[in-house]
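Student: I'd like to ask you about the structure that follows.
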Amino acid sequence: MPRNLESDGTGSLPEAAVSAAQPPIDEPRAAWAVGTVMAVTPCSARDARWVLGVAAKAAGVTPAEVAAAMAAGSRGTAMPAVVERALHRAVATARTVSPRSACIGLMPSRARTEEVLAEFRACQSRLTAAPSDMRARQALDDAAYTLCVLLGRTGVHDAVLAAEQHLTGEP
């Protein structure tokens, strides 16, 4: 994968790639695609837009075309193979945990971790049920931010993994 499409090593996605890869959010299909990517990756809305932009660039299409292919795929129409592969690679990149994102410090109580992770999962389920719901997107973004801050992580996927490890008692 070209270097400019990768994470910057901090667990968050490069700012230049995020701004260059913004799909048109006002379009209902694009908003639905952003919500879907947020729910399944998990990631923030900003990172979901990055995923769509990177997938579009790799597939040689626009972010709106990726969103349209995702929407058609949800209704049973086969997604073009090049778009599907590009989308899978972009999601995998967004899920990559940076070695520098590991938390060194005090961990929150298990009760608080469980409470915040449960809130995140509830918001994720709500967004999965209605990917174009702007309130559900904002609620998941807020819950993701809280989880990242609580666990001292820069990426949502990394924070979820850390919370799950903390709750199971794994090191």
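Coordinate-derived values only; no laboratory data. In this text, all values refer to a predicted model and were calculated from it rather than measured experimentally. Glycine gets a Cβ as well: all are built from the backbone with ideal geometry, and neighbour counts include every protein chain shown.
Student: How would you rank 37-48, 133-144, highest first, on the average number of other Cβ atoms within 10 Å across their residues?
Tutor: 37-48, 133-144
Student: When you count, for each residue, the other Cβ atoms within 10 Å and take the mean per peptide, how do 109-121, 62-74 rank with the highest first?
Tutor: Working: 109-121: 15.5, 62-74: 19.8.
Ranking, from highest mean packing down: 62-74, 109-121.
Student: Figure the gain on full extension for H88 and T168 (residue separation times 0.36 nm, minus the Cα-Cα span) and round it to one decimal in nm. If you can, show how the numbers build up before the last one.
Tutor: Numbers: separation 80, 0.36 × 80 = 28.80 nm, distance 2.86 nm.
Going from the current span to full extension adds 25.9 nm.
Student: If each residue of separation counts as 0.36 nm, what is the full-extension length gain between V40 and E27 once their alpha-carbon separation is subtracted?
Tutor: Numbers: separation 13, 0.36 × 13 = 4.68 nm, distance 2.03 nm.
Full extension from V40 to E27 adds 2.7 nm.
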